[in-house]
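A.B. asks: So that we are looking at the same thing, I have put the structure below in structure tokens.
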Amino acid sequence: MVPALGSDVLAKLRQPRPYPAVSLVMPTHRREPDSTQDPVRLRNLVAAAEKSIQDDPAVTRERRADVMDQLSRAVAETDLAHAEDGLVIFVAPGEHYVWTVARSVPERVVIADTFLTRNLVAAQAAEQPSWALAVSADRVSLWSGSPERVTEHTGDGFPLTRSLEDPDAERKERIGDLPSTFQDEATRQFLREAHTALRAVLASAPRPLYVLGEPAALALLEDTGPLQPGATPVHRGGLAKGPATAVQEAVEPARVARENAAATTVLAELDAARGRREFAGGIDEVWQAVKEGRIRLLAVEDHYRTVVRDEGGHLEPAEPSEPESRDDMVDEIVERALDTGAEVQFVRDDTLLDMGRIAGVLRY
């Protein structure tokens, strides 16, 4: 199973690998007729990678066989029938990974001693992942979500379950001592355990949090202590067992409201930064600032991509066919900004039209 993307996974993917580490990146399509070309493009990319490995004298016969085997396994695990907007495959001796991402990527084969992670990093940032905690008296489940999909997180103690059957319920009911479900001490203890497990997840993978459940369940969970600043309650019960589509439907209005509020805040910060002369706008200005680690907040339009070339240390518009042209500079900027501790926010297309579609608030 491919690990869920998070800062820890991305950090591990950036680490050096035994040569050759192969990165295959290609745009894919969600619907026919465009999707019919995807299998052909993938075969061509794989053939190009195989030829490069075969012709490379630095690759031993044993390592070549290992990488070829890993590449074959990765291709076998690739499900183009359920493709999104991009495909990222990483292969190295003894390991392989396949991700489908909801962000367009350039077509590329890179063989080095590290994986080409910038497209994956930018896609993960653009998806703006969140957590949804679904609470009931006998089950607490955690769901990893994005605008595109929601999947149940099974690990880190989740889901938590228990039986509601009380062997002494008949006697307690007879003497009037049977508490309601959310006043029972066993329920309180159960939700305390869920609270502890969730805080551990949030510590290692901080994200916006939505908490789903009946008002009584959410109130009892809140009594155990705050979850995290900005956690959004959603008064919708019956979702602790899913399905994922129902969880996504319940969260969507709150997610859209949060996204709109964040975009408004970003625009206000950019306008204020202009007045303080702490602003960078357009891909070249932003690139200069991000190289120096000066970006505190980076704003990028959702589908902004552009082809550039480096001309004397500055980025100039270019055609894809030009030598040394770079068609994923936006993704490289996003990755570099995140590496230097910047906050990255993706906003709707045309939101930054007068700022060059990419802009930043500077630290100094």
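The values are calculated or read from the model by the stated rules, or taken from the named source; none is laboratory data. Since the model is a prediction, treat every value here as computed from it, not as a measurement. Positions of Cβ are backbone-derived with ideal geometry, glycine not excepted, and every protein chain shown enters the neighbour counts. The area values use the complete protein model at the heavy-atom level, side chains included, leaving out ligands, DNA and RNA. Shrake-Rupley method; radii C 1.70, N 1.55, O 1.52, S 1.80 Å.
A.B. asks: Rounded, prolate or oblate: which one fits the range 41-102, using the alpha carbon gyration tensor with axes a ≥ b ≥ c (rounded when a/c is under 1.5, else prolate when a/b beats b/c, else oblate)? Provide the component values of the computation, followed by the final result.
C.D. replies: Values: a/c = 2.71, a/b = 1.94, b/c = 1.39.
Prolate is the answer for the range 41-102, as a/c is 1.5 or above and a/b outweighs b/c.
A.B. asks: Return a whole-number percent for the relative contact order of the chain, with Cα pairs under 8 Å and 6 or more residues apart as the contact set.
C.D. replies: 15 percent
A.B. asks: Accessible area of the chain with a 1.4 Å probe: how many percent of it is carbon plus sulfur?
C.D. replies: The computed percentage sits at 50.
A.B. asks: Here is a follow-up. Going by amide H atoms built from the backbone, whose H comes under 5 Å of the H on ALA137, apart from near neighbours?
C.D. replies: Correct list: empty.
A.B. asks: Please report the relative contact order for the range 77-137, taking Cα pairs under 8 Å with a sequence separation of at least 6, and give it as a percent rounded to a whole number.
C.D. replies: Working: 47 pairs, mean separation 15.7, N = 61.
In percent, rounded to a whole number, it is 26.
A.B. asks: How do GLU165, GLU95 rank by accessible surface area computed with a 1.4 Å probe, from largest to smallest?
C.D. replies: Putting GLU165, GLU95 in descending order of accessible area: GLU165, GLU95.
A.B. asks: About the Cα centre of the chain, what is the dipole size in debye to 20, counting +1 per Lys and Arg Cβ and -1 per Asp and Glu Cβ, all else neutral? Could the numbers behind the result be given before it?
C.D. replies: On the way: 42 positive and 61 negative charges, 106 e Å.
Charge dipole, the chain, about its Cα centre: 500 debye, nearest 20.
A.B. asks: Which value in Å does the Kirkwood hydrodynamic radius of the range 1-89 take, with 1/r averaged over all unlike C-alpha pairs and then inverted? Walk me through the numbers on the way to the answer.
C.D. replies: Working: mean 1/r = 0.0684 Å⁻¹.
It is 14.6 Å.
A.B. asks: Using the reciprocal of the averaged 1/r over all distinct C-alpha pairs, how large is the Kirkwood radius of the chain in Å?
C.D. replies: 23.1 Å
A.B. asks: Would you calculate the volume per residue, in Å³, of the smallest convex hull containing every Cα atom of the range 205-269?
C.D. replies: Numbers: hull volume 7.2 nm³, N = 65.
Residue-normalised Cα hull volume stands at 111 Å³.
A.B. asks: What is the sum of charges around ALA134, taking Lys and Arg as +1, Asp and Glu as -1, for the other residues whose C-beta is under 10 Å from the C-beta of ALA134?
C.D. replies: Taking every other residue near ALA134 into account, the sum is +2.
A.B. asks: Non-local amide H neighbours of ALA318 (under 5 Å, H modeled in plane, Pro and chain starts lacking H): which ones?
C.D. replies: For ALA318, the qualifying residues are VAL307, VAL308, ARG309.
A.B. asks: With Kirkwood's inverse mean 1/r over C-alpha pairs for Rh, give me the Rg to Rh ratio of the range 1-151, two decimals please.
C.D. replies: Values: Rg = 16.9 Å, Rh = 16.5 Å.
Rounded to two decimals, Rg/Rh equals 1.02.
A.B. asks: May I pose another question? For the chain, take the longest principal axis of its alpha carbons; what is the angle in degrees between that and the long axis of helix 118-127, to the nearest 10 within 0 to 90?
C.D. replies: Value to nearest ten degrees: 40.
A.B. asks: Right, something else. Once both axes come from the Cα atoms, what is the angle between helix 185-204 and the longest principal axis of the chain, in degrees from 0 to 90, rounded to 10?
C.D. replies: Approximately 10 degrees, to the nearest 10.
A.B. asks: If a/c stays under 1.5 just call it rounded; otherwise compare a/b with b/c (prolate if a/b is bigger, oblate if not). Do that for the range 14-57, with a ≥ b ≥ c from the square roots of the Cα gyration tensor eigenvalues.
C.D. replies: Oblate.
A.B. asks: Report the antiparallel proportion of the DSSP beta bridges in the chain as a percent, rounded to a multiple of 5.
C.D. replies: Of those bridges, close to 75 percent are antiparallel.
A.B. asks: Select from the range 260-315 those trypsin sites (Lys or Arg not before Pro) which occupy a DSSP coil region and have at most 10 other Cβ atoms within 10 Å, ordered by residue number. Let's see the in-between values first.
C.D. replies: Details: sites: ARG274, ARG276, ARG277, LYS291, ARG294, ARG296, ARG305, ARG309; in loops: ARG276, ARG277, ARG294, ARG305.
When the trypsin sites (Lys or Arg not before Pro) of the range 260-315 are filtered for loop state and at most 10 Cβ neighbours within 10 Å, ARG276, ARG277 remain.
A.B. asks: State in Å² the accessible area per residue of the chain; use a 1.4 Å probe, count heavy atoms of protein chains only, and round to the nearest integer.
C.D. replies: 50 Å²
A.B. asks: Next question. Sum up the charges of everything whose Cβ sits under 13 Å from the Cβ of GLU259, counting Lys and Arg as +1 and Asp and Glu as -1, but leave GLU259 out.
C.D. replies: 0
A.B. asks: What percentages make up the Cα-Cα pair-distance distribution of the range 252-364 when the bins are 10 Å wide from 0?
C.D. replies: Bin by bin from 0 Å, the calculated values are 15, 45, 31, 8, 1.
A.B. asks: Relative contact order for the range 287-328 using alpha-carbon pairs under 8 Å, separation at least 6, rounded to a whole percent?
C.D. replies: 32 percent
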